[in-house]
């Protein structure tokens, strides 16, 4: 029996036994529970913690565990209907009504039902995470002097220096802010560079979480089409002229979801066009460490080629480590840096010091480069297995190109396919897939799917996933 199920079973048994004890009565000791139920001390500790979280027991250090006072249910159900008025009313109508729709993010975070192969998540499966290295880094971080004191508001100087070296070019540690992951950094960047109601140019298709952030901030996402080499710079220039936008958000390296890499000529054009428009480029460098070829020389960040403060650069350690290592960075220069700093302080004060210390220990350990090589090789293997299986079993879903980095394949469905219906059929067949519609800021030109291979337990699951997809895919005409 695995640890998770044994914890749940013991918690269920203890929950059922609580009526044997009076309110405030003491439960048996942990040692007694270990012997009585033939489980490990860790299982007992976690089961009791679960009961404590439910408010059923109270733990008193040095004294034991006691049955808690029962919670008194509210006599009258709460009436929160007034909030609909409070959240929408204002002294003047907003140019773009702000509504918070987290569906794009939740689709990537949702845990699949048992038995379902998830091709939706953007995070590494635990088998790919550097769990031992992270545990060792966290243990070392906890022993550092002052590890639990308040950190500098901008982040630990050594960690900011590491991020500055990683970004390269003219970026210095003084121009780096440590953030609580990439999503937080992206939210801060948009709030700093665009006022509510303003248009913001985005790639099309793009990361759904970006569209969610923009709309929740009262911004108007304006899509600029992407082709095999990234954003169409001719259309980007036209979009700046037509909208008066002052912000363009892009992923020049391994764009999500297409995997495109912006070539040198277009990179120069993006910077030139933004300078001419007096606009910022928010560079989301989320996949810098997810390249598939060891030793390959990928283009440097746009920020490393920008001396004028056009680029607001963000990156994260989360994608290549664990969803729970929420440490990232923002880099900028000029007055916008002060605004980024102010927004971050107001929103969250600072990033947890123990987490920053652990991140610093991790990236400085000998295991770090080995981990990056291992992840890149395994992602390449999974990419190749998934592409090969699609070629053999589902040529109608064959991707137009294989990405050189990242964690997904972007496939076009046959014209006329109902994405939502297809995704529902796939889920019934035992595979979770991401429909393409949420990746577009306007009407999509064709139906698509994003198939992520990072979150499966291993490459061996991918042939079975394609076999199941084949069962619900109509034959090509």
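The values are calculated or read from the model by the stated rules, or taken from the named source; none is laboratory data. Because the structure is a prediction, the values reported are computed rather than measured. Please note: Cβ atoms are built from the backbone with ideal geometry, for glycine as well, and neighbour counts cover all protein chains shown.
Report whether or not residue 208 is in contact (Cβ under 8 Å) with a residue 60 or more places away in the chain and more than 26 Å from residue 341 (Cα to Cα). Here the answer is no, as residue 208 does not meet what is asked. Within the set 336, 346, 310, the sole residue that is over 26 Å from residue 150 (Cβ atoms) and either without any contact (Cβ under 8 Å) to a residue 40 or more places away in the chain or over 22 Å from the mean Cα position of the chain (by Cα) (or both) turns out to be 310.
If the condition is being more than 30 Å from residue 339 (Cα to Cα) and surrounded by fewer than 17 Cβ atoms within 10 Å (Cβ to Cβ), then segment 141-159 contributes 142, 143, 144, 145.
Listed here are the helices (runs of 4 or more DSSP H) enclosed by segment 94-176 that have at least 2 residues being in contact with a strand residue (DSSP E or B) (Cβ under 6 Å, 6 or more places away or on another chain) and either modelled with pLDDT under 90 or in the same structural domain as residue 327 (by TED's automatic domain parsing) (or both): 157-167.
Is segment 251-269 home to any residue that is surrounded by 17 or more Cβ atoms within 10 Å (Cβ to Cβ), touching a helix residue (DSSP H, G or I) at 6+ places or on another chain (Cβ under 7 Å), under 16 Å from residue 193 (Cβ atoms) and not assigned by TED's automatic domain parsing to the domain that holds residue 121? For segment 251-269, residues surrounded by 17 or more Cβ atoms within 10 Å (Cβ to Cβ), touching a helix residue (DSSP H, G or I) at 6+ places or on another chain (Cβ under 7 Å), under 16 Å from residue 193 (Cβ atoms) and not assigned by TED's automatic domain parsing to the domain that holds residue 121: absent. Here residue 245 qualifies as more than 13 Å from residue 186 (Cβ to Cβ) and either assigned by TED's automatic domain parsing to the domain that holds residue 329 or modelled with pLDDT of 95 or more (or both).
Filtering 378, 389 for residues that are in the same structural domain as residue 466 (by TED's automatic domain parsing), out of contact with any helix residue (DSSP H, G or I) (no Cβ under 7 Å at 6 or more places or on another chain) and touching a residue at least 24 places away in the same chain (Cβ under 8 Å) leaves a single hit, 378. Just one of the listed residues (445, 395) is over 26 Å from residue 223 (Cβ atoms) and surrounded by fewer than 17 Cβ atoms within 10 Å (Cβ to Cβ), and it is 395. For segment 413-437, a tally of residues being within 23 Å of residue 290 (Cα to Cα) and either surrounded by fewer than 21 Cβ atoms within 10 Å (Cβ to Cβ) or out of contact with any strand residue (DSSP E or B) (no Cβ under 8 Å at 6 or more places or on another chain) (or both) returns 0.
Comparison of 306, 284, 294 shows that the only residue that is crowded, with 21+ Cβ neighbours inside 10 Å and modelled with pLDDT under 95 is 306. Condition first: in contact (Cβ under 8 Å) with a residue 12 or more places away in the chain, part of a loop (DSSP other than H, G, I, E, B) and under 16 Å from residue 377 (Cβ atoms). Now tell me which residues in segment 282-297 satisfy that. The answer is 287, 289, 290, 292, 293, 294, 296. May I ask you to list the residues in segment 31-68 that are part of a helix (DSSP H, G or I), over 37 Å from the mean Cα position of the chain (by Cα) and exposed (fewer than 14 other Cβ atoms within 10 Å of the Cβ)? Listed by number, the residues that qualify are 31, 32, 35, 36.
Take the conditions (1) under 29 Å from residue 409 (Cα atoms); (2) touching a residue at least 40 places away in the same chain (Cβ under 8 Å); (3) surrounded by fewer than 20 Cβ atoms within 10 Å (Cβ to Cβ); residue 170 misses just one of them, which is (1).
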